[in-house]
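In what follows, a structure is listed as structure tokens, so that the remarks can point back to it.
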Amino acid sequence: MGFNFQDIRKDFPILDQRVNKHPWVYFDNAATAQRPKVVLEKIREFSVITNANIHRGTHDHAIRTTEAYENARDIVKEFLHAEAREEIIFTHGTTESINLVARSFCEKFLTTGDEIIVTEMEHHANIVPWQMACERHQATLKVLPFSDKGELRMELLETLITKRTKIIAVAHVSNTLGTVNPIEEIIQIAHSHNIPVLIDGAQSVPHASIDVQKLDCDFYAFSGHKIYGPTGIGILYGKRSLLEVMPPFLGGGEMIDQVTFKKTTYNELPHKFEAGTPHYVGAIALGSAIQYVQNIGLDKIAAYEHQLLNYATNQMKALGDLQIFGESPAKTGVICFKLDQIHPFDLGTLLDQLGIAVRTGRLCADPVMDHYQVTAMTRASFAFYNSEEEIDLFIKALQRIRSMF
Amino acid sequence: MTIEEVQQEIIADFSAYEDWMDKYTYLIELGNELAPIDDAFKNDQNLIRGCQSRVWLQQKLDGEFLIFEAESDALIVKGLVALLLKVFSGRTPQEILDADPHFIDAIGLRQHLSPTRSNGLMAMVKQIKLYALAYKQISSQKK
């Protein structure tokens, strides 16, 4: 597998516990990933040993905290292969990143009668902010559908694009179907019409190395807690040329240059978009999380997770009468499924009794539920600290639960 | 039997099961036994929406007693619904308002009734109480 599994498990002591008298099997990684010791230690360090507000003080702790915060920005810049550190904005998470663009970009560029394109497989966080922008500016939201196999119907993209299309927003990886979307192709098509593209990277950054310059995407958003970092911190990458002309999102401290009651001028990038005291502990710890996965190697992580995905998919199919939603060959370690006619709530409740954590419900993706005409789904999602032995426990649990109905 | 006696009976029934699996198997059994409500009543007006599962609840007054019928699309929830109906259906509005469904806690299924669980059960209890309050107000106006 390219890394020592036992060593990895030692980095995540939280996994070594029992739930409902069974060894805990954590298969809800697409919702949030667990944090390795180095990240927890960093959070502790910048809570217990070092703490002062950033960018404001001349004293020792303020200088140290500011340096660590800005260093984290450099780590993210290198991680995404961005051209400049000014293009990396710290936010609260993917949701805020997308809202920032939907608010600020649309205020500058969206007018009555314009259009925005999203896809049918988006998380609500990449639908609702655009809907709200469309309402504000009397614009129209258009939707690129996906096939039953769980792949975007790329042949329809050109037919949706018009002269009024102002931005295309699409997930790199679907949080329900696991599909890795052909974003290179989408960006290429969009750019041939001079349309910028936002990529929702919440589900992709933990599994793949990203090069925003090679992709040539205009915006890329992701969350810290899905890549083994803390909650409440996220990233927005934006091309400098766009961020420069976009108006500020939130007003307050840090984002200003000079304030008078007559007129306020704004700070330069990236601070223009970071109003108020940021979650600097989260940002610093996110830097550690990124270094942690980089040290292991994202390619190794992706290869191992793919092995888990294949193993689980085969075992699950062998159970019979099990439907998997999303069967694209380009897929991350996410399996949404339905077992017999068992309701996902019942399945999730009983799996929990056997110590296995999965996600059930509508998965913040109502349009995906509607596509398959189901009211809810069960989702198992894997990380590189999971094992085939855990998948065996999961399969045994499914068999046992099935016998109860 | 009073509401309290019914609750004690349910607690006694469940005390026979030590293993969670038996407990849930019994709940699933109760769910399967619960008479389905007429599809016509499975409308938006009677729907108690949860992210996880859905519950439909409808009521009618029979003399001074409030009769409830309910169903869920999830079997475990349906089993719990059956228990709540046993406790609350066929009672006077005042009895319903005075009752606290403590049996859920006693049989070790409290997590299903916490306000953060989005399975619709908590909302169902609230809705039952609201109906009871409404009928109580109507009947006191008549007097």
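The values are calculated or read from the model by the stated rules, or taken from the named source; none is laboratory data. This one's a predicted model, so the numbers in the text were calculated from it and none came from an experiment. Note that each Cβ is placed from the backbone with ideal geometry, even for glycine, and that neighbours are counted across all protein chains shown.
See the values below:
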{"read-out": "Any hit, the stretch A:383-394, residues being more than 14 Å from every other protein chain (Cβ to nearest Cβ), crowded, with 21+ Cβ neighbours inside 10 Å, polar (S, T, N, Q) and in contact (Cβ under 8 Å) with a residue 60 or more places away in the chain", "value": "yes"}
{"read-out": "Residue that is farthest from residue A:226 (Cα to Cα) [pool: residues in the stretch A:264-313 that are surrounded by 22 or more Cβ atoms within 10 Å (Cβ to Cβ) and of a type in the set (Phe, Trp, Tyr)]", "value": "A:273"}
{"read-out": "Condition met for residue A:67 (within 28 Å of residue A:42 (Cβ to Cβ) and part of a loop (DSSP other than H, G, I, E, B))", "value": "no"}
{"read-out": "Any hit, the stretch A:195-207, residues being among the acidic types (Asp, Glu) and without any contact (Cβ under 8 Å) to a residue 40 or more places away in the chain", "value": "no"}
{"read-out": "Matching residues, the stretch B:34-78, being away from every other protein chain (no Cβ under 14 Å) and assigned to a helix (DSSP H, G or I)", "value": "B:39, B:40, B:41"}
{"read-out": "Test: residue in the stretch B:103-110 that is in contact with a strand residue (DSSP E or B) (Cβ under 8 Å, 6 or more places away or on another chain), of a type outside the set (Gly, Ala, Ser), away from chain A (no Cβ under 14 Å) and closer than 19 Å to residue B:30 by Cβ", "value": "no"}
{"read-out": "Given (1) over 12 Å from the mean Cα position of the chain (by Cα); (2) within 28 Å of residue A:348 (Cβ to Cβ); (3) buried (at least 16 other Cβ atoms within 10 Å of the Cβ); (4) away from every other protein chain (no Cβ under 14 Å), number of the condition residue B:92 does not satisfy", "value": "(2)"}
{"read-out": "Matching helices (runs of 4 or more DSSP H) fully within the stretch A:129-218 where at least 2 residues are closer than 21 Å to residue A:102 by Cα, modelled with pLDDT of 95 or more and more than 19 Å from the chain's Cα centre (by Cα)", "value": "A:157-160, A:183-192"}
{"read-out": "Output for the stretch A:329-359, where each listed residue is surrounded by fewer than 18 Cβ atoms within 10 Å (Cβ to Cβ) and away from chain B (no Cβ under 11 Å)", "value": "A:329, A:330, A:340, A:357"}
